[in-house]
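J.: Here it is, the structure, as structure tokens.
The values are calculated or read from the model by the stated rules, or taken from the named source; none is laboratory data. All values derive from a computational prediction rather than experimental measurement. Every residue, glycine as well, gets a Cβ built from its backbone with ideal geometry; the counts of neighbours run over all protein chains shown.
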């Protein structure tokens, strides 16, 4: 069985990574907030404005997904040791 201190370290690392993923998710949402200007025909005044928002959000989302992939998730049995 894993030592309690090992479990505490694992849980702390997972918590830190989850905060990191949450921050990246929030940054992605912020990147997508607000609008982009359109003309009277509904066509973007500056197409790069939307593209930049989408690219920025994608970068944050990819970062969040990478963090989630590398987390060593605690098991129920490990939580029971705390």
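J.: Output the qualifying pairs, or none if there are none: Cβ atoms under 9 angstrom, residues six or more apart or on different chains, first residue in region 23-39 and closer than 13 Å to residue 54 by Cα, second residue in a loop (DSSP other than H, G, I, E, B).
T.: Listed pairs, sorted by first residue: 36/45; 36/46.
J.: Exactly one condition in (1) assigned to a helix (DSSP H, G or I); (2) within 18 Å of the chain's Cα centre (by Cα) is false for residue 79; which is it?
T.: With (1) assigned to a helix (DSSP H, G or I); (2) within 18 Å of the chain's Cα centre (by Cα) applied to residue 79, the lone miss is (2).
J.: Then there is this: Of the residues in region 1-39, how many are surrounded by 11 or more Cβ atoms within 10 Å (Cβ to Cβ), touching a helix residue (DSSP H, G or I) at 6+ places or on another chain (Cβ under 9 Å) and more than 28 Å from residue 63 (Cβ to Cβ)?
T.: The total comes to 1.
J.: Another question about this same structure. Does residue 52 satisfy the criteria of being in contact with a helix residue (DSSP H, G or I) (Cβ under 6 Å, 6 or more places away or on another chain) and at pLDDT 95 or above?
T.: no
J.: If you take the residues of region 40-82 that are free of Cβ contacts under 8 Å to residues at least 12 places away in the same chain and in contact with a strand residue (DSSP E or B) (Cβ under 8 Å, 6 or more places away or on another chain), which of them is surrounded by the fewest Cβ atoms within 10 Å (Cβ to Cβ)?
T.: Of everything passing the filter in region 40-82, 45 is surrounded by the fewest Cβ atoms within 10 Å (Cβ to Cβ).
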